[in-house]
């Protein structure tokens, strides 16, 4: 397991929040706009060693990337300002996570000024920074319990239309996959599945897909129209594209393939119940519990579904260790806070129909 405690300051909607008691598998609940997805983003950013992951989280949300082709003179706000709580770039973003004696910390500092000043440089309207040829947008300072401390800067080069993420090229602290509902790249799933097929892990994938499609016998990948297509064998005269089987099959495939692809790492899932019928939730959670334990994958998922929470609790009940963490994010006078449930309190909340979503 990667982390048991995460502290976040000045990030997105969080002025300050602590999530303590994370387990092997975790569910984050709560109403809309209380930071469930933002918390997943903090975990994703802490996995890597450059600002590239930070920019990727905006892509997951369907937001445009950094634009450097501006018309006319003037200033545009730095695209990283939205990561700072209330757009206040005077305060640093601090992300800190720990498990026993091991900890990682990422400090993100916005470089003043927080605007990118641009002006036309010639009659053709090509753009250049006023006074400078480049602009440092943010500095990322990485610290950990192993004293492997370093920093990287995210620098914009408008004329070259390039972004630099720093010279300190380091391996990721841990492997992480973020399954977001807004952004979906089928090629990534096909690539991961291809690697699993090479190591003969397809029986585990097929076994999970049988939850929704009992007829499935095999799964393959094949080139099609310049791309790679995932095909399944359900006993028909020909293989059929997985995409024709519905959103639920795609969701289960993404979950299982991603877990098998990050042994010892983290899987982050936004709205895990989307596309899944409530009757399928219990067997899916049972598979998640088994794979998470077998491959030491820490799963952190968000949900709005009480059925999803019930099914997860049932799947983990009766085990030697109740390795499910359930947390509710709630807006309070002190800002957004995390309320943790243990095995007894979550079961009591469900039995008494208390609001935990």
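Throughout, read-outs are computed from the coordinates displayed, never taken from laboratory work. Only a predicted model underlies this, so the values are computations on that prediction, with no experimental measurement involved. All Cβ positions, even for glycine, are placed from backbone atoms using ideal geometry, and neighbour counts span all protein chains on display.
With the highest mean first, a sort of the peptides 87-95, 323-331 on other beta-carbon atoms found within 10 angstrom per residue produces 323-331, 87-95. Using the Cα gyration tensor of the chain, with a ≥ b ≥ c the square roots of its eigenvalues, what is the shape: rounded (a/c below 1.5), prolate (a/b larger than b/c) or oblate (neither)? Since a/c reaches 1.5 but b/c is at least a/b, the shape of the chain is classed as oblate.
Working from Cα pairs under 8 Å separated by at least six residues, relative contact order for the chain is 22 percent.
Ranked by the mean number of other Cβ atoms within 10 Å of their residues, highest first, the peptides 192-202, 28-38 come out as 28-38, 192-202.
Sort region 176-351 into rounded, prolate or oblate with this rule: let a ≥ b ≥ c be the square roots of the eigenvalues of the Cα gyration tensor; rounded if a/c is under 1.5, and if a/c is not under 1.5, prolate when a/b is larger than b/c, oblate otherwise. Judged from the Cα gyration tensor, region 176-351 comes out prolate (a/c at least 1.5, a/b above b/c). Highest mean packing first, where packing is the average number of other Cβ atoms within 10 Å per residue, the peptides 221-231, 256-266 line up as 256-266, 221-231.
Calculated mean residue ellipticity at 222 nm for the chain: -8000 deg cm²/dmol, from DSSP H runs with n ≥ 4 weighted as -39500 (n - 2.57), summed, divided by the residue count and rounded to 500. A straight line joining the Cα centroids of region 290-317 and region 231-260 runs 21 Å. Relative contact order, whole percent, for region 147-264 stands at 22, derived from Cα pairs under 8 Å and 6 or more residues apart. Pull out a ≥ b ≥ c, the square roots of the eigenvalues of the alpha-carbon gyration tensor of region 188-269, then state rounded if a/c is under 1.5, prolate if not and a/b is larger than b/c, and oblate in the remaining case. Prolate shape, in that a/c is at least 1.5 and a/b is the bigger ratio. Across region 176-351, the mean sequence separation of Cα contacts (distance under 8 Å, 6 or more residues apart), normalised by length, yields a relative contact order of 18 percent.
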